[in-house]
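Every number here is computed from the coordinates shown, using simple stated rules; none is lab data. It should be emphasised that the depicted structure is a prediction, and the values quoted were computed from it without experimental measurement. Note: ideal-geometry Cβ built from the backbone for every residue, glycine included; neighbour counts use all protein chains shown.
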Amino acid sequence: MAGPNRDFARLLRIQRAMKALRERDLADARNRSASAGRALEDLERMVAEGSTVARLFPDLLAGHMQDTLSEKAAADRQVRESGDRVVKENRKLEVIEERYHQQRRSDENRAEEAERSEVLDQRVAGLLSASSKFGRIR
């Protein structure tokens, strides 16, 4: 009986680790998206203010802006994908936790039934033993 519970416990630890890994990936993607967003804001502000760099190197600035837009799009896509993975890992974890708890309840019920059966067996054995003693007295 300890085997299945141990297996579910091990599976729970693994699934929790997978969920944490997916959450870390999501946080990383969110950070990269936010960083790219801030870089874009800085570049747009440079263009709007007509900074010296924007006037002297418009092609360089446009190329950098395009690269930053691509980075942001890739990071946003990863945020969506990572978010989907986190949701899937949460669902898996919920299913495994529910099965683990069902298994534990089942094991506990079996243990209680075995204990009740043992108590009944002891009572019956005691009664049989007592009745055999009465039979010898006659």
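Structure values in brief
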read-out	value
Net charge contributed by nearby residues that have their C-beta within less than 15 Å of Lys92 (K/R +1, D/E -1)	+3
Listed candidates (1) 58; (2) 26; (3) 43 - label of the one calculated as percent of Cα pairs over 28 Å apart	(1)
15 Å beta-carbon shell around Leu120, net charge (K/R +1, D/E -1)	-3
Relative contact order (%) - criterion: Cα under 8 Å, at least six apart; region: the chain	40 percent
Cα long-axis angle, helix 2-49 against the chain (0 to 90 degrees, to the nearest 10)	10 degrees
Computed helical MRE - 222 nm, the chain, DSSP H runs ≥ 4 contributing -39500 (n - 2.57), nearest 500	-36000 deg cm²/dmol
Summed residue charge, Cβ within 14 Å of Met65's Cβ, Lys/Arg positive, Asp/Glu negative	-3
Charge dipole of the chain about the Cα centre (unit charges at C-beta), most positive-ward option of Phe57, Gly126, Gly83	Gly126
